[in-house]
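S.K.: Take this structure, written in structure tokens, and hold onto it; I'll ask about it next.
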Amino acid sequence: MSGGDGCCQPGQAGGRLNLLLSYAGWHQESWADRLPRLLEPMGITAVRAATGREATRVIASTTVHIAIVDLGLPLDETPAARAQEEGGSRLLELLSRQPSPPPTVAVKRARTHRDDCREISAALRFGAFAVIDRPQASGDLEILLDVMRRALRRFYQGRWPGLT
């Protein structure tokens with residue numbers, strides 16, 4: 001888990017809104033790197049997780065207000081788990097079983113139409129608020145920000161959930 005770039009370790013969150021940000025990619029300066037820098041000035045704390053196990057620890061130690069779940073997330077760092085990429089769907093299931101499930105945005109990978117349908121169906125079955133393509137360009141990042149804005153309005157009546 002990354003502690004820099006506007007992110008924090010589990011238990012340290014406590015801004016206006018705590019965002020669980022899972023990302024399975026390996027690209028430098030990806031959308032998952034840019035998003036926390038955009039949101040931090042607004043008081044949004046992004047807690048990063050690179051595996052399903054890391055995300056599980058975050059959920060156990062931090063109140064998550066919105067979750068962004070990369071469906072390609074591996075369960076853990078072992079080569080076998082990295083190849084299976086089942087951490088994302090397990091994370092969706094875990095979030096859906098929380099006493100107060102946070103709104104969840106599922107980020108799907110570019111795959112075949114059949115795989116897309118399967119991933120979208122599973123995400124919606126576990127209560128995902130939205131399913132989007134993995135952001136590539138800045139316009140895609142704006143789509144993700146708009147989805148987060150809509151989730152904030154719908155689930156928190158447009159108010160920051162971390163404030164009382």
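S.K.: What distance in nm separates the simple spin-label points at R150 and S100, each placed 7 Å from Cα in the Cβ direction?
M.R.: Between R150 and S100, the simple spin-label model gives 2.4 nm.
S.K.: Which residue, V58, V47, P103, has the largest displacement toward the positive end of the dipole of segment 17-156 when charges sit on each Cβ (Lys, Arg +1; Asp, Glu -1)?
M.R.: Projecting each Cα onto the dipole axis, the largest value belongs to P103.
S.K.: About the Cα centre of segment 17-156, what is the dipole size in debye to 20, counting +1 per Lys and Arg Cβ and -1 per Asp and Glu Cβ, all else neutral?
M.R.: Working: 19 positive and 17 negative charges, 80 e Å.
Dipole magnitude for segment 17-156 comes out near 380 debye.
S.K.: Can you give the FRET efficiency to the nearest 0.05 for E29 and S61, using r as the Cβ-Cβ distance and R₀ = 35 Å? The partial results should precede the final answer.
M.R.: Numbers: r = 28 Å, r/R0 = 0.80.
FRET efficiency, E29 to S61: 0.80.
S.K.: Counting Lys and Arg as +1 and Asp and Glu as -1, what is the net charge of the other residues whose Cβ lies under 12 Å from the Cβ of P103? Don't skip to the answer; put the middle values down first.
M.R.: Numbers: positive: R149, R150, R153, R154; negative: none.
The answer is +4.
S.K.: Give the shape of segment 17-156 as rounded, prolate or oblate, defined through the alpha-carbon gyration tensor: a ≥ b ≥ c are the square roots of its eigenvalues, a/c under 1.5 means rounded, and otherwise the shape is prolate if a/b is larger than b/c and oblate if not. Mind showing how you got there, number by number?
M.R.: Working: a/c = 1.25, a/b = 1.17, b/c = 1.07.
Because its axes are fairly even, with a/c under 1.5, segment 17-156 counts as rounded.
S.K.: Apply the Karplus parameterisation 6.51 cos²θ - 1.76 cosθ + 1.60, with θ equal to phi minus 60°, to every residue of segment 152-161 and state each ³J(HN,Hα) to the nearest whole Hz, in sequence, with x for glycine and proline.
M.R.: Here the 3J(HN,Hα) series is 4, 5, 6, 8, 10, 6, x, 9, 6, x Hz.
S.K.: Right, here's the next one. Counting Lys +1, Arg +1, Asp -1, Glu -1, what net charge surrounds F129 among other residues with beta carbon under 9 Å of its beta carbon? Please report the intermediate quantities before stating the final value.
M.R.: Working: positive: R150, R154; negative: none.
Every neighbour counted, the sum reads +2.
Laboratory data are not the source of any read-out in this text; all were calculated from the coordinates shown. From a predicted model like this one, the values you see are computed outputs, not experimental measurements. Here the Cβ is made from the backbone with ideal geometry for all residues, glycine too, and neighbour counts use every protein chain on show.
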